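As structure tokens, the structure follows; a few thoughts come after it.
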Ligand code: NDP
Ligand code: OXD
């Protein structure tokens, strides 16, 4: 029985160190030193090409090394092999930091001051209290709920929208397609933390932008294909939206000629909002392997019918 890590190479050594120290009984291998592929029962991977999956006759679980699984070809994974996504404190903390930073930067007009600095202009903008700003989060999963919990500390008015109904202390919650519009109408800053599925692709579009309060801003940390780029550019150019902070784009990397790069009110980061941290992820993954070996449920199981 062996565990193969085939993901971010730079972080492979940290994963191997953890397993050597805490699970010396497990044969932990780091790609490309995979050894005999017939030994591999647990695979930790970001991209797992179908032909590679097919070369693992004893594969028992595929662990995604990230939280999202939209890049996984479900049809290449045998039905008896569960797919497990990453739910770990490091990835949650990273997302909480990024979204807090983005919300605060919008709330406190930092991008205006960046522009002012380049033109050497000293022009104070009135500071509204956080309690006057409404932040709406789409997707109340492990990341969306953690983000809302932290934003509450600043005193923002919070709302969240999710497929199934949720109750979160201090958050006005909305669910289902029927409640999308009222949710949007009260979101001055909209944060997308939805998984990418057939249902959510293209969801950040002209109708959604038209339903937001005039001058609202968008933070997309879900996936690039959630956004209809032309609709976002039109909404920014017409003044309907003030700004967009995009950590994810379609495609990635964003091509040099894409209009987002040159747009004065679009801020792009290269898909770095959050990253799996070996120090906090490896213990969770080891626990999941132990769970699997004793027949317990696995933390982060993906529902293939839902796609996340
Ligand atoms: P979860 O699976 O924990 O949460 C997803 C949430 O979205 C669930 O609450 C789900 O509702 C809801 N949802 C799914 N589909 C719909 C829909 N059609 N309409 C309304 N709500 C819906 O995921 P995480 O919070 O862990 O992660 C979310 C996403 O964040 C990932 O899929 C990934 O794309 C992205 N991500 C981005 C990173 C970055 O660096 N930019 C890093 C990590 C993740 P329900 O519970 O009812 O099913
Ligand atoms: C993830 C990501 O899904 O980094 O983990 O986007």
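Residue check, residue 267 against (1) within 16 Å of ligand 2 (Cβ to nearest atom); (2) under 30 Å from residue 232 (Cα atoms); (3) in contact with a strand residue (DSSP E or B) (Cβ under 8 Å, 6 or more places away or on another chain), all met but one. Which one?
(1)
Looking only at segment 131-161, which residues are surrounded by 24 or more Cβ atoms within 10 Å (Cβ to Cβ) and not in a strand (DSSP E or B)?
140, 143, 144, 147, 148, 151
Scan (1) surrounded by fewer than 18 Cβ atoms within 10 Å (Cβ to Cβ); (2) closer than 19 Å to residue 131 by Cβ for the single condition residue 189 breaks and write down its number.
Looking at each condition in turn, residue 189 falls short on (1).
Are any residues in segment 7-41 more than 27 Å from the chain's Cα centre (by Cα), part of a loop (DSSP other than H, G, I, E, B) and surrounded by 12 or more Cβ atoms within 10 Å (Cβ to Cβ), and if so, which ones?
Within segment 7-41, 23, 26, 34 qualify.
Among 257, 239, 295, which is more than 12 Å from ligand 1 (Cβ to nearest atom), part of a loop (DSSP other than H, G, I, E, B) and under 25 Å from residue 22 (Cα atoms)?
Details: 257 fails: under 25 Å from residue 22 (Cα atoms); 239 fails: under 25 Å from residue 22 (Cα atoms).
The match here is 295.
Checking the structure you have, find out if any residue of segment 208-219 is within 16 Å of ligand 2 (Cβ to nearest atom) and not assigned by TED's automatic domain parsing to the domain that holds residue 73.
Yes: segment 208-219 contains one or more residues that are within 16 Å of ligand 2 (Cβ to nearest atom) and not assigned by TED's automatic domain parsing to the domain that holds residue 73.
Here are 103, 99, 114: which of them is more than 13 Å from the chain's Cα centre (by Cα), buried (at least 19 other Cβ atoms within 10 Å of the Cβ) and in a helix (DSSP H, G or I)?
Result: 103 is the single residue among 103, 99, 114 that is more than 13 Å from the chain's Cα centre (by Cα), buried (at least 19 other Cβ atoms within 10 Å of the Cβ) and in a helix (DSSP H, G or I).
Out of all the residues in segment 171-189, is one or more within 16 Å of ligand 2 (Cβ to nearest atom) and in contact with a helix residue (DSSP H, G or I) (Cβ under 6 Å, 6 or more places away or on another chain)?
no
The values are calculated or read from the model by the stated rules, or taken from the named source; none is laboratory data. Nothing here was measured: the structure is a model prediction, and the numbers come from that model. When we count neighbours, we look across all protein chains shown, and the Cβ atoms used for this are built from the backbone with ideal geometry, even at glycine.
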